Amino acid sequence: MTAFEEPEPLRIVAASLRAFDCSYPRYVENPPPLGAILAVREGPCVVFGVVVNVESGPEDPTRPLQPLGEPGQSAADVMRAHPHIRQLLRTRVRVVACGHATDGGPVPLLPPLPPPLLARVEPATPEETRALTAGGRFLPLLLAASECDDAVIGAAIRTARATFGDDGRSFLVEAGKELARLLRAEPARLTTILRMAV
Amino acid sequence: MTLRFELVAEQLPGVIARYRESVRGAEAAAEAALRALRSWAADPEAGNQRIAAAMEGTAQPYALSAGESPSAAFDPPPSEPWTVVAADGSSISPDRFAPVPCWVVNVGMVALPYGLPGEPLLESRPTVGPTGAGGEEAGDDEPDDAAPSRGGINLLRDVMELEAVAELASSRVGHGAVIALLDGTLFPWDLDAPQIPQAVRDQLRDRTARALDRLRAAGPRVSLGAYISASRASDVVNSLRAFGAPEAEPLGADAVLFARVLGVGQRSAIFRARSERTRRVEQQFPAHEVCFFYLRIDDDLARVELPAWAAEPARVARLHRALLDQARHCGGYPRALQEAHELAVISSRDREQFARLLEAESARAGFTTALAGKQRSKRRRVV
């Protein structure tokens with residue numbers, strides 16, 4: 001089992017310097033959540049990123065999923081009654097890059113190259129997450145990414161805070177200061193993100 | 001120029017009108033056939049003897065009662081836990097323009113457990129040949145001589161489908177009951193096709209026999225059915241004509257008769273298939289005599305073929321119910337067969353890609369063929 005408690009790995013199926021798409025070979029119910037910080041440990045450097053979207057649906061877009069199931073049946077009941085369905089669906093995860101590590105620890109800079117296609121994608125460790133996010137250093141890359149809306153940034157801050165344990169409040173204050181610096185021209189947006197981050 | 005639909009459309013009404021004329025006598029024929037079927041049911045064994053005597057020496061297929069009353073209709077039993085396995089195939093025949101003679105058989109394999117352990121399986125398995133002696137799939141009897149023959153590849157594909165179903169059934173029977181499904185007829189009928197070299201047919205006959213033996217050896221928990229949707233077979237109608245109802249002839253197909261006998265979800269009695277061709281093929285598999293029944297799924301009358309050893313009441317009951325369950329949410333066609341087909345199909349794009357890959361790999365090995373005029377013209381498509 002991977003760290004996402006799924007029996008099969010999440011792998012990269014498309015990649016650029018700023019973002020990468022990942023997919024499971026079937027439908028899963030427990031993919032990495034919004035704002036999760038992930039790591040790709042294959043290739044010339046470790047690439048870190050934040051989950052900005054998760055979607056599930058048919059692998060073949062010409063075969064849409066029918067609303068199967070009897071009244072009273074849960075999704076799990078329907079999946080059991082139609083065991084082919086899970087195999088024909090895919091869960092995909094979109095990740096925006098927010099740092100990388102070569103020989104030293106993580107740095108909040110774009111990687112020099114995209115992560116390799118078909119590389120496995122795993123959760124960043126708490127140590128990696130703390131090193132990457134301390135002082136809100138990872139926020140400039142996220143704020144510059146068009147796919148990172150306020151909800152994504154709020155979720156990423158919450159994810160990072162959870163790894164700081166008792167120092168979570170200090171992390172939050174420093175991240176808030178960094179946000180204030182970056183968004184001094186957008187006070188309304190700053191307020192929205194801060195409300196979503198706590 | 002593409003198909004000119006304005007010219008096509010104006011010709012269609014005439015075709016439909018002529019068809020209407022041809023089926024005008026179907027009502028009376030159906031009534032006559034029903035009366036004959038009930039008469040046969042009164043003494044099936046005597047009816048069998050009368051039919052067999054009348055059909056002796058004819059080339060037409062016919063049916064004999066296999067023990068159940070020929071006019072009977074059976075309701076489906078309740079569902080049970082089981083695993084449904086299925087296989088279907090698609091192939092690329094050798095292209096005479098290709099630099100190296102080469103074929104592909106792609107077999108879609110499906111195993112869907114319902115209430116039983118085991119992971120669902122949806123997988124396709126391509127084989128590229130000729131594989132040479134000792135090919136991984138075929139063992140030492142790979143029919144490499146079949147390479148130049150389209151018919152040989154079709155026959156090989158049918159055999160590989162049967163082998164895949166036997167493999168799947170054997171691997172799942174340890175978990176409980178297995179419903180093993182094929183698309184089409186039970187026997188690969190090209191086994192008696194004279195255009196395929198005898199040596200190839202002999203090899204594939206042996207492989208067919210081994211697959212059928214393997215299915216039989218898997219024991220009474222395996223139900224086996226070869227499914228033919230919208231069957232146009234006329235074995236029973238031919239038998240009724242031989243039985244003394246010549247007015248049944250305009251029916252054309254057994255499905256027209258059994259649409260009147262069977263309610264939705266019901267199956268017919270089991271019949272034994274008889275014909276000169278059946279005899280020629282069947283004599284190669286004396287342990288696997290072909291039986292069949294009809295199954296009504298909504299408006300579709302499907303013919304389900306099975307070997308006589310699988311025509312036991314418990315196996316047939318499971319097959320009957322499983323086919324209905326499978327078709328329920330799949331547009332009236334068994335889900336496992338549908339998914340096997342989806343996995344097997346080789347699209348026109350795949351075919352083109354394979355041709356280019358073969359050309360590239362052949363060229364790397366020093367085999368190049370100047371494109372023939374027709375082939376070159378098709379590829380360029382310039383004005």
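Could you tell me which of rounded, prolate or oblate describes segment B:74-344, using a ≥ b ≥ c as the square roots of the eigenvalues of the alpha-carbon gyration tensor, with rounded for a/c under 1.5 and, failing that, prolate when a/b is larger than b/c and oblate otherwise? The shape class here is oblate.
Neighbours of residue A:119 by Cβ distance under 14 Å: Lys/Arg scored +1, Asp/Glu scored -1, total 0. Each residue of segment B:334-349 is assigned a 3J(HN,Hα), and the resulting list reads x, 4, 4, 5, 4, 5, 5, 5, 4, 6, 8, 4, 10, 6, 4, 5 Hz, derived from the Karplus form 6.51 cos²θ - 1.76 cosθ + 1.60 (θ = phi - 60°), x at Gly and Pro. Peptide packing: for A:156-162, B:195-201, B:324-330, A:187-193, the average count of neighbouring Cβ atoms within 10 Å per residue gives the ranking A:156-162, B:324-330, B:195-201, A:187-193, highest mean first.
Note on residue A:66 and residue A:122: their simple-model spin labels are 4.2 nm apart, each label 7 Å out from Cα toward Cβ.
Cβ crowding within 10 Å ranks A:170, A:74 as A:74, A:170, fewest other Cβ atoms first.
Peptide A:83-94 is shielded by partner chain Cβ atoms: per residue, an average of 4 of them sit within 10 Å of its Cβ. Among B:179, B:16, B:92, the largest mean-square fluctuation in a Gaussian network model of chain B (Cα springs under 10 Å) belongs to B:16.
For chain A, the fraction of C-alpha pairs farther apart than 20 angstrom is 58 percent.
Relative to the longest principal axis of the Cα atoms of chain A, the long axis of helix A:168-182 lies at roughly 80 degrees. Across peptide B:117-128, the mean count of Cβ atoms from other chains lying within 10 Å of each residue's own Cβ comes to 2. Given axes a ≥ b ≥ c from the Cα gyration tensor, I'd like to know whether the protein assembly as shown is rounded (a/c under 1.5), prolate (a/b larger than b/c) or oblate. Prolate is the answer for the protein assembly as shown, as a/c is 1.5 or above and a/b outweighs b/c.
Counting DSSP beta bridges in segment B:74-344, what percent are antiparallel, to the nearest 5?
75 percent
In terms of surrounding Cβ atoms within a 10 Å radius of their Cβ, B:2, A:102 rank from fewest to most as B:2, A:102. Taken residue by residue and averaged, Cβ atoms of other chains lying within 10 Å of the Cβ of B:329-342 number 2.
Full extension from residue A:21 to residue A:78: what is 0.36 nm times the residue separation minus their Cα-Cα distance, to one decimal in nm?
17.7 nm
As I understand it, the dipole of the protein assembly as shown uses +1 on the Cβ of Lys and Arg and -1 on the Cβ of Asp and Glu, about the Cα centre. Which of A:114, B:15, A:145 lies farthest toward its positive end? Highest projection toward the positive end goes to A:145.
Reducing segment B:1-49 and segment A:143-163 to their Cα centroids gives an inter-centroid distance of 68 Å.
An oblate overall shape is assigned to segment B:172-331, the ratio a/c of its alpha-carbon gyration tensor axes (a ≥ b ≥ c) being 1.5 or greater and a/b not exceeding b/c.
Throughout, read-outs are computed from the coordinates displayed, never taken from laboratory work. Everything numeric in this text was worked out from a predicted model, so none of it was measured. Glycine also receives a Cβ, built like all others from the backbone with ideal geometry; neighbour counts cover every protein chain displayed.
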